[in-house]
Amino acid sequence: MAVRVLIVDDSATARAVIREVLESDRDIEVVGVAQDAYIARDKVVELRPDVICLDVEMPRMDGITFLKKLMAHMPTPVVMVSSLTQKGARTTLEALEAGAVDFVPKPHSNIYDGIDEIRDEIVSKVKAAAKAKVIQKKHISAPQRVSYNALSETTDKVIAIGASTGGTEAIKDVLTRLPANIPGIIIVQHMPSNFTKSFADRLNELCAIEVKEAKNGDFLGVGKALIAPGDFHMVLRRSGARYFVEIGSGDKVSGHRPSVDVMFNSVAKTAGANAIGVILTGMGADGAKGLLAMRNAGARTIGQNENSCIVYGMPKVAYEVGGVEKQYELDLIAQAVVRVAEEMK
């Protein structure tokens, strides 16, 4: 059965192009379009779409306000259509916090330029959203932080986290629960280049640890998390007693740049049994082989379970190939990481 999509965008040109892109795939049917949130509200009730492609900036009611109302009354998978600007990045992160499943770049002024490059991304994300688990958004109190009994060898340990679809909120859940003295963390989240700094800055405001977008040569230390910059691979290296990261370009690996597999494989080689690997929600298989390499090198490995994943893709494949030692509900992963870190010699 085809995925039924409603497109909500105030630009007639954008609506036409997005429709053309989606309908180029025989497994997707555009059941309606709307130029503002009020028309969209009526069409959601009438058409009951499987997925909504939602513009962020619209007249009368902006996309974020509409999204929050939608999630409160009729939870539906939403893929945001966002501009690749700093403001657009901040708004998109707010949308993900409000319940959007994923986002795609807003086509630029010459809307047909490079359309082939984004066609696969839009189609794949809409299909993934149709299978995503969407829950009614409710007020949730701040997560309780886990304490960590740090030992003298904590500088030898490193935690590596990989995620994709649904990962921004999953990573936030894990990091906000971690104490300030946790071993250093490196993170790959599939995001465009303009978004990772805003993501890191937002987490830095919320967490006890320091969170920043990684730069080439950054050292990793206790209570510090480095997020791979969008469109660049990140690998772990060691200089004497200290870990640092290298940032580089190169081909996509497992369909992505940055790639979780690239990061996990480097951790397996550099840190071996002194590492903890964590794979969170996301579509596809990126990270599965790398996490298996980590486990084979003696690292401890953790996966998010199906019940708590927005998209149970990456953790599922990692579990099936033997890369995951044990799976946990999302809200128990931080506790599991701390417990494993304390057990490691």
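List the relative contact order of the range 152-343 as a percent without decimals, with contacts defined as Cα pairs under 8 Å and 6+ residues apart. Please list the in-between numbers first.
Numbers: 503 pairs, mean separation 41.3, N = 192.
Relative contact order, the range 152-343: 22 percent.
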Pair His73, Asn216: separation of 7 Å Cα→Cβ label points (nm): 5.2
With each label point set 7 Å from Cα along the Cα-Cβ vector, what nm distance links Arg119 and Lys252? 1.4
Given Cβ charges of +1 for Lys and Arg and -1 for Asp and Glu, the option among Ala2, Ser82, Ala297 whose Cα lies farthest towards the positive end of the dipole of the chain is Ala297
Using only the C-alpha atoms of the chain, find the volume of their convex hull and express it per residue in Å³. 123
Mind scanning Lys289/Lys316; Lys106/Lys127; Lys172/Lys197; Lys133/Lys326; Lys133/Lys316 and naming the pairs with a C-alpha gap bigger than 20 Å? Lys133/Lys326
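Under unit Cβ charges (Lys, Arg +1; Asp, Glu -1), what dipole magnitude, rounded to 20 debye, does the chain have relative to its Cα centre? If you can, show how the numbers build up before the last one.
Working: 42 positive and 43 negative charges, 178 e Å.
That gives a dipole near 860 debye.
With charges only on Cβ, +1 for K and R and -1 for D and E, what is the dipole size of the range 152-343 about its Cα centre, in debye, rounded to 20?
Numbers: 20 positive and 21 negative charges, 80 e Å.
I would put it at about 380 debye.
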Sequence-distant residues sharing a close amide H with Ala225 (under 5 Å, placed H): Ile185, Glu210, Val211, Lys212
Test of understanding: extend the Cα→C-beta vector of Ile135 to 7 Å, then name every residue of the range 318-343 with backbone N under 17 Å from that spot. 328-335
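What does the charge count around Gln189 come to, taking other residues whose C-beta lies under 15 Å from its C-beta (Lys +1, Arg +1, Asp -1, Glu -1)? Numbers along the way, then the final one.
Values: positive: Lys125, Lys172, Lys197, Arg202, Lys212, Arg257; negative: Glu97, Asp102, Glu169, Asp173, Asp201, Glu213, Asp231, Asp261, Asp286.
Computed value for this residue: -3.
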Search the structure for amide H atoms under 5 Å from the amide H of Val104, placed 1.01 Å from N in the peptide plane, and list their residues when 5 or more places away or on another chain. Met80, Val81, Ser82
Helical contribution to [θ] at 222 nm, DSSP H n ≥ 4, -39,500 (n - 2.57), averaged over the chain, rounded to 500: -11500 deg cm²/dmol
Acute angle (nearest 10 degrees) that the helix 63-73 long axis makes with the longest principal axis of the chain, alpha-carbon atoms: 90
Note down the net charge around Val253, summing +1 for each Lys or Arg and -1 for each Asp or Glu among other residues with Cβ under 11 Å from its Cβ. 0
Given the options Glu306, Glu213, Glu94, which has the most mean-square fluctuation in a GNM of the chain, springs set between C-alpha atoms less than 10 angstrom apart? Glu94
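How high is the relative contact order of the range 3-131, in percent, with contacts defined as C-alpha pairs under 8 Å that are six or more residues apart?
Working: 211 pairs, mean separation 32.7, N = 129.
Reported relative contact order: 25 percent.
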Taking neighbour counts of Cβ atoms within 10 Å as a proxy for exposure, in what order, fewest first, do Phe219, Phe103, Phe264 appear? Phe219, Phe103, Phe264
By the gyration tensor of its Cα atoms, with a ≥ b ≥ c the square roots of the eigenvalues, what is the shape of the range 3-56: rounded for a/c under 1.5, prolate for a/b over b/c, or oblate? oblate
When a footprinting reagent is the concern and you count Cβ atoms within 10 Å, what order do Ile310, Ile39 take, fewest first? Ile39, Ile310
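Among the DSSP beta bridges whose two residues both lie in the chain, what percent are antiparallel, rounded to the nearest 5? Show your work: numbers first, answer last.
Working: 10 of 54 bridges.
Percentage antiparallel, nearest 5: 20.
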Rounded to whole Hz, the Karplus (6.51, -1.76, 1.60) HN-Hα couplings of the range 189-196, x for glycine and proline: 10, 5, 8, x, 4, 6, 9, 5
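What's the FRET efficiency of Thr13 with Ser193 using the Cβ-Cβ distance as r and R₀ = 22 Å, to the nearest 0.05? Intermediate results must be reported in sequence, preceding the final value.
Values: r = 25 Å, r/R0 = 1.14.
In this case the efficiency is close to 0.30.
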For the chain, what does the relative contact order come out to in percent, with C-alpha contacts under 8 Å and a separation of six or more? 13
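For the residues Arg242, Arg300, what sequence is obtained by ranking on other C-beta atoms within 10 Å, fewest first? Spell out each step's value before the answer.
Details: Arg242 12, Arg300 23.
The order, fewest Cβ neighbours first, is Arg242, Arg300.
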Mind checking the angle between helix 115-131 and the chain's longest principal axis? C-alpha axes, 0 to 90 degrees, to the nearest 10. 80
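Any read-out appearing in this document is the output of simple, stated calculations on the displayed coordinates, not a laboratory observation. The structure displayed is predicted, hence computed values, not measured ones. We place every Cβ from the backbone using ideal geometry, glycine too, and count neighbours over all the protein chains shown.
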